[in-house]
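Quick notes on the structure that follows.
The values are calculated or read from the model by the stated rules, or taken from the named source; none is laboratory data. Since we're looking at a predicted model, the values are computed, not measured. Here the Cβ positions follow ideal geometry from the backbone for every residue, glycine too, while neighbour counts run over all protein chains shown.
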Amino acid sequence: MSGEAALSHTAALRYPDFRRFQLARLAALVATQMQGVAIGWVVYALTGRALSLGFVGLAQFLPAVVLFPLTGHAADRFDRRHVLAACYGAEAVGSAVLYGLSVRSAVSVTAIYAVLAVIGGARAFAGPADSALVPNLVERKDIPSAIGWGSSTFQLAIMVGPALGGLLQDARGAPFVFMLAMLLEILGVVCLFMIGTRSRGDTGGSVSFKTVAAGLSYVWRKKVLLGAISLDLFAVLLGGAVALMPIFARDVLHAGPAGLGLLRSAPAVGSAVTALALAFRPVGGRTGKTMFGCVFLFGVATIVFALSKNLQLSAAALAVAGAVDMVSVYIRHTLVQLETPDAMRGRVSAVNLLFIGASNELGEFESGLTAALLGAVPAALLGGIGTCAVVVVWMILFPDLRRADRLDHIRVEE
């Protein structure tokens with residue numbers, strides 16, 4: 001791969017199907033982020049318990065664990081466009097049910113958890129299909145550009161979605177947010193059906209333990225991949241404070257739903273700026289050390305957020321956390337795409353996304369549980385300290401990742 005091709009900033013945007021795919025992702029991701037703000041506010045308003053917020057994450061994570069053996073296989077067995085369209089459709093149905101629950105006079109938290117479990121199942125299948133589809137829409141030399149622009153789309157969604165969700169929750173209430181989320185998810189389905197590129201791996205027609213477990217086996221052999229994926233798992237599992245934001249917004253910073261929307265959007269602001277910069281100027285050398293440094297700064301920013309009593313300072317700390325996390329995410333996703341043959345991308349992506357889900361949704365449960373035992377501020381503070389400690393340990397356990405230099409020197413194991 002030539003240096004000029006690797007640094008072609010807008011290369012991925014020249015592919016019409018890639019643009020249609022990013023529009024579909026943008027619509028679905030904005031819907032997810034808007035809905036997340038509404039759900040968090042409604043659940044905490046109904047129960048007033050930090051642990052209830054933890055169960056929001058757990059309800060969405062458990063289906064991913066149960067379905068993990070099948071999600072990656074589905075992305076490698078069937079057309080990835082169709083798998084993703086079915087998942088967006090299921091999420092739209094979930095949003096419609098949440099709308100129906102929210103207009104009732106007595107809202108059942110248990111029913112909300114049940115719907116979130118269904119949505120979590122749909123997202124479990126969507127993740128590997130989404131990740132594995134990208135390399136089919138562009139040439140291999142343009143994959144880093146595609147990942148950069150895909151990250152920009154993701155960060156734009158999580159920057160706009162929470163802020164919009166908070167404002168609409170304030171102005172129109174949760175039912176309106178759920179209805180708009182449903183319409184955006186339907187738009188995503190329409191955009192996916194406009195993609196003409198056929199996309200599937202080559203697992204064959206049968207499902208066996210060997211084909212299902214191939215992704216885990218591949219990641220275990222590739223220590224650079226294993227180190228990068230597990231670093232994100234433990235760092236964000238400990239350092240993520242998303243589940244606690246309703247508590248910080250209402251009880252620590254004394255802000256309303258709009259303040260919660262600001263806190264939820266702040267990491268995305270930092271991430272979006274960084275993702276755009278990476279789309280134009282991908283990471284060059286010293287990849288491993290850059291990744292470790294960014295994760296360490298993520299932990300430091302979490303500590304600042306935990307100790308802050310000022311809304312603006314808290315938002316700034318979260319923006320820094322989002323910026324450095326984006327660099328880590330970019331490096332990890334590029335490693336997964338470039339080190340994995342196409343026939344296995346769905347299953348390897350499923351492993352990666354299971355770890356990401358553990359760090360996010362399971363991390364929300366861990367944060368809620370810790371906050372219930374110690375309080376929100378100590379929970380966030382200990383999480384930030386734990387993230388910094390994980391970085392030090394992982395630098396010792398995975399020297400190959402620490403010494404990793406340029407992403408464009410990666411060779412794929414067939």
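Given the condition among the hydrophobic types (A, V, I, L, M, F, W, C), modelled with pLDDT of 85 or more and not in a helix (DSSP H, G or I), answer yes or no: does some residue in region 157-177 qualify? No, there is no match, as no residue in region 157-177 is among the hydrophobic types (A, V, I, L, M, F, W, C), modelled with pLDDT of 85 or more and not in a helix (DSSP H, G or I). Residues in region 20-32 that are buried (at least 24 other Cβ atoms within 10 Å of the Cβ) and either within 19 Å of residue 100 (Cα to Cα) or of a type in the set (Gly, Ala, Ser) (or both): 3 in all.
From the residues in region 252-302 that are in a loop (DSSP other than H, G, I, E, B) and within 19 Å of residue 153 (Cα to Cα), which one is modelled with the highest pLDDT? Out of the qualifying residues, it is 281. Picking from residues in region 70-106 that are hydroxyl-bearing (Ser, Thr, Tyr) and over 26 Å from residue 46 (Cα atoms), the one that is surrounded by the most Cβ atoms within 10 Å (Cβ to Cβ) is 71.
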